[in-house]
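Each remark here refers to the structure printed beneath this line.
The values are calculated or read from the model by the stated rules, or taken from the named source; none is laboratory data. Keep in mind that this is a model prediction, so the values were computed, not measured. FYI the Cβ positions are ideal-geometry reconstructions off the backbone, even for glycines, and counts take in every protein chain you see. To get the accessible areas, we keep the full protein, side chains included, count just its heavy atoms, and leave off ligands, DNA and RNA. Shrake-Rupley method; radii C 1.70, N 1.55, O 1.52, S 1.80 Å.
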Amino acid sequence: MPAHAVKPLILAADTTHEFGSLALMRGEELVEEVLLHSPSGFAHVLFGHLSGLLERHGVKVRQIDCFAAASGPGSFTGVRVGLAFIKGLADALGKPAAAASNLQAMASFGSAPLRATVLDARRGEIYGAVYGDAGRLVSPEVVMKLAAWIERLPEGELEFVSTDFAPFRAALAGTRFEGAGVVTAPRAIAGAVARIALAALVRGEVGDPAALDANYVRRSDAELFWKE
């Protein structure tokens, strides 16, 4: 953590889905989180929203101590736009940057010891992972059929976390998770990404923005089959 920053300023962005977000954090305080909706993409709107966010709170972009991006999974193009936005700012200002999985960010809204996060991956598949209550990855991030994923979930007190679990609920019928709890994560996850980045900053695990990488999970055909 920078020696001058008792409460570091962190700017985080998520552009991995149709609904994105920007967040500004000061230490552990979420100053503001802005939900963005841009079905045509985010490349042309990000800097305008960033300017408004910083102006509302009297912050100059050079005052940001760490930048963070949601790294996916999600729209192939959206992931690239968000990472390029954050990497470009951090590199230009000589500041560190961090990336966080959408699934890990979503898991932070749960409360059970085990949190099975799930996102629609299209083509009849889901993106899924299981995180513990301290943000530790328990079961790897995968893209696969929902029924097959449910069969592989670990034993223990588990809840499902999703921005919209309604399309998945029927798959729990007749399984050991039929009565499991469900948490609805917000569409705006940039604040959660910022909190993950803050923890990494405190641990000294943020660094060169050029090292940030996308988390497509399904790399080879993501752009071909994803529909914004």
| Cα-based Lys proximity count in the chain, under 24 Å, for pairs eight or more positions apart or on separate chains | 7
| Pairwise label distance in nanometres, Glu155 with Thr175, each label 7 Å out on the Cα-Cβ vector | 1.8
| query | So how tilted is helix 190-202 from the main axis of the chain? Cα-based, degrees 0 to 90, rounded to 10. | reply | 70
| query | With Cβ to Cβ distances under 12 Å as the rule, what net charge do the other residues near Val206 carry (K, R +1; D, E -1)? | reply | -1
| Can you give the extra length, in nm with one decimal, that the chain gains between Val61 and Ala199 once fully stretched, where that is 0.36 nm per residue apart less the Cα-Cα distance? | 47.6 nm
| note | Leu93 and Arg123 label points (each 7 Å along its Cα→Cβ direction) are spaced in nm at 3.7
| task | Loop only per DSSP, at most 13 neighbouring Cβ atoms within 10 Å: give me the chymotrypsin sites (Phe, Trp or Tyr not before Pro) in the stretch 6-94, ordered by residue number. | result | none
| What number, in percent, do you get for the relative contact order of the chain if the mean sequence gap of Cα pairs under 8 Å and at least 6 apart is divided by its residue count? | 26
| task | Note down the net charge around Arg115, summing +1 for each Lys or Arg and -1 for each Asp or Glu among other residues with Cβ under 9 Å from its Cβ. | result | -2
| request: Report the local net charge at Ser21: Lys and Arg +1, Asp and Glu -1, summed over other residues whose C-beta lies under 10 Å from its C-beta. | output: -1
| What are the trypsin sites (Lys or Arg not before Pro) within the stretch 140-182 that DSSP puts in a loop, where the Cβ has at most 16 other Cβ atoms within 10 Å? | Lys145, Arg176
| Does anyone have the angle between helix 46-56 and the longest principal axis of the chain? Alpha-carbon axes, 0 to 90°, nearest 10? | 60
| task | Using only Cα atoms, locate the centre of the stretch 67-94 and the centre of the stretch 101-125, then give the distance between them in Å, rounded to an integer. | result | 20
| said: If I ignore ligands, DNA and RNA and count only protein heavy atoms, how much of Thr163 is accessible to a 1.4 Å probe, in Å² to the nearest 10? | reply: 50
